[in-house]
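Enquirer: One structure follows; several queries about it will come next.
The values are calculated or read from the model by the stated rules, or taken from the named source; none is laboratory data. These numbers were taken from a predicted model, which means no experiment stands behind them. Just so you know, the surface numbers come from the protein's heavy atoms only, side chains and all, with ligands and any DNA or RNA stripped out. Shrake-Rupley method; radii C 1.70, N 1.55, O 1.52, S 1.80 Å.
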Amino acid sequence: MGRHILCLHCLHRPYGNYDASEPAFTACLRHAKNGSRLSRRTPIPLFTFILSGPDKLAGIQGNGNLTMNQRLETVRNSGGLSLNSVLTKPNLWLVLFVVLLALLAGLRWVLPIGPMYWDTYLYVDAAHRIANGQIPNVDFFPPVGPLGYYLYALMERMFPAGQPLLLAQWSCLMITAPTMALILTDVTPRSRSLAFALLTPFAFFAALPFNSLSVFPYPGVDGFGIYNRHGAQLLYVLAATVLFVKDKTRMTAILSVLTLALFLIKITAFISGGLILAFAVACGMIAVPVVLSTALIFLLVLGLIQLASGLTLTYVTEIFLLANSNSNTLLPNLLTAMSENFSTIVAGGVTVLFLLIGDWREWSKALRAFGSSYSFQRFGSIFDRDWFWLGILLCAGLFFETQNTGSQAFLLIWPGLLMAWNRYGQRPVRSRMVLLVLIATCCFPTAIGVLQKAGRTVATALRSLPVEGTNLSTLGLVSTKPMFMDRADIMQNYYAEQVEADEHLARLGQIPSFLLYSEPGFQVMWLQMNDQAIDAIRAYEAENNVHFNTIFTTDFTNIIPALMNRDAPKYVAIGAVAGRTQFEMDARTRKSVEATDLILDTLCPRTPGLIQSFDIYRQALANHRKIRLTPCFDAYIREAAQGTTDIQLDIRR
């Protein structure tokens, strides 16, 4: 007779009476022959109990059949929406996470300014241009793909008072959160603990605006490498999809979105993702209909974008141009990436070796089986090995990092480590403990490093002073230590008095400090300089009865048009680095620069990059008159923009 309310085989009520004191694992009359076996309690070693999720213990206590585990999960979820059942739904936690960040995004957070924070201003510049009708890669040329700037522009519209870096950091969630929700929907019925294990690192790294690598000893938010962090998070979701999603429809939807996002955010992330997808196809983990559907959707969307804006072909052309200009840096960048992420690469390599040793016999059998009888399934079994997957993910991550300055490095290997842990479930406890230590060695340095940076930044924020400015809007939502605030004032005056000396040093290819762009004092000074330049421009316009419709700065980033709500010239590069993202003017760029009403050249301090950038545009300034606008800016005013007056204004601060 059955001994409990539900049979764990067919989920039907058992016939006859039952004893509530008997164990829960039972069967109905139809499956009574299995009843005694199902009710036995198999001893479970302590570490196995700790390291196994509760949803795997059903299989351990029974016959190890995962189908039994799935049915037990169905029984647990069939009793209504209790508080406990609600709080154990991964998708609910994902929704709460997104809602929390949305609430935080609308607040005016003041963050301690960090190294190379001015990368954040590229998003502000691009969003302003998009709002004025310009199209990335068609009307202006960003250093990476266009999608990230559209996402930021949307975030800026939804949260106009938000902190720019947080808006940029969290903008990628518009892509990754829905795709992660589909992953969790697919994974949760099979293993709730696995779903939470995928969600936790995703939420952790998506929320915090920090890179895994530190470039300056003092804490502060990382305003650089934002699109690299986006690429790392997209690759994480991609790896989780190919390794854990089983439903073909969901997989097609997720891969279609992710491939488009990777392509339109950063091409090196797309190439790394292509390596992962190609290997997944070789393993037989992506069905042919899914591959064809994803490719068709990918090409169809890009074709529609091309028809609507012409963006696709110009973007591809720029990719080849940038690849050609940076081809000589691949090997040095590869060595740099290996040295910067040495601990993760070594730990990952040791883990690969450990998994290979444990799998050697089974892999040899797979090779012999394929040699005796060819089939696609046997071919896939050769490659679908834990160690092989982890090695591919490491290679994809290393290639992605060769083109990055700041990222959440090797985040994409975490799903591979999780898959290895799940597949290692039948191994001896000692082997599982060794694997656990290796996984911790791969993951903990990155996670603890980011967490430590976040903690130090929060502590610094309590003792920091906000940057003051009359024109900075939300760009002024930053702070720094009093000593860096003082240094910003002192160095601005010093650079203004030493323009010729700095010019000479820059002509020799040197900057005043090797870590100049990472220094908080420089980033604060740069903001204050631009704030003062806006005051000077408005004073000049009032004094001379003119209005500058288009304004351009030959510096790395151009924030003044956005802050003054003026137009920026078309066909120029943002995030301009001569020889890397900025090249000689073509005819339309020259015509656009010649028609610009006001062009600013930064003087404090003069650097090789500023000189090279200005030299590119110098030929278009024949019809512009030079004045010293502020001690730190030369202004080139288009003759036709000066009206009837010819008064020069020299504002010194």
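Enquirer: Please compute P(r) over all alpha-carbon pairs of the stretch 447-513, binned at 5 Å starting from zero, and give each bin as a whole-number percent.
Expert: Result, from short to long distances: 4, 13, 14, 15, 16, 15, 13, 8, 2, 0 percent.
Enquirer: Going by amide H atoms built from the backbone, whose H comes under 5 Å of the H on Ile574, apart from near neighbours?
Expert: For Ile574, whose amide H was placed from the backbone, the distant partners under 5 Å are Phe141.
Enquirer: Here's another thing I want to ask about it. Roughly how compact is the stretch 167-230, stated as its Cα Rg over 2.2 N^0.38 Å to two decimals?
Expert: 1.34
Enquirer: Semi-axes of the equivalent ellipsoid for the stretch 210-300, please: Cα gyration tensor eigenvalues, times 5, square-rooted, ordered largest first, whole Å. Intermediate results must be reported in sequence, preceding the final value.
Expert: Details: eigenvalues 180, 34, 21 Å².
The equivalent ellipsoid of the stretch 210-300 has semi-axes of 30, 13, 10 Å.
Enquirer: If I ignore ligands, DNA and RNA and count only protein heavy atoms, how much of Lys248 is accessible to a 1.4 Å probe, in Å² to the nearest 10?
Expert: Near enough 120 Å² of accessible area.
Enquirer: If you don't mind, another one. Over the C-alpha atoms of the stretch 519-653, what are the Rg and the largest Cα-to-Cα span, Dmax, in Å?
Expert: When restricted to the Cα atoms of the stretch 519-653, Rg and Dmax are 14.1, 44 Å.
Enquirer: Still on this structure, I have one more. Return the sequence-ordered ³J(HN,Hα) values of the stretch 205-211 in whole Hz as given by the Karplus equation 6.51 cos²θ - 1.76 cosθ + 1.60 applied to θ = phi - 60°, using x for Gly and Pro.
Expert: 7, 5, 7, 9, x, 9, 8
Enquirer: Excluding residues fewer than 8 places away in the same chain, name every one of the lysines whose C-alpha is closer than 24 Å to that of Lys626.
Expert: Straight-line reach from Lys626, under 24 Å: Lys570, Lys591.
Enquirer: Taking only the alpha carbons of the stretch 539-613, what extent do you get along each of the three principal axes, in Å, biggest first?
Expert: Extents along the principal axes, in whole Å: 39, 30, 18.
Enquirer: Any of Lys89/Lys246; Lys246/Lys365; Lys89/Lys248 with alpha carbons more than 24 Å apart? Name them for me.
Expert: Violating the 24 Å Cα-Cα cut-off are Lys246/Lys365.
Enquirer: Now a separate question. From the P(r) of the stretch 523-569, can you give the percent of Cα pairs sitting at distances over 17 Å?
Expert: Taking all Cα-Cα pairs of the stretch 523-569, the fraction more than 17 Å apart is 31 percent.
Enquirer: OK, next. Taking θ = phi - 60°, what integer Hz values does the Karplus form 6.51 cos²θ - 1.76 cosθ + 1.60 yield along the stretch 614-623, in sequence order, with x for Gly and Pro?
Expert: Result, ordered by residue: 5, 4, 5, 8, 4, 5, 8, 9, 4, 9 Hz.
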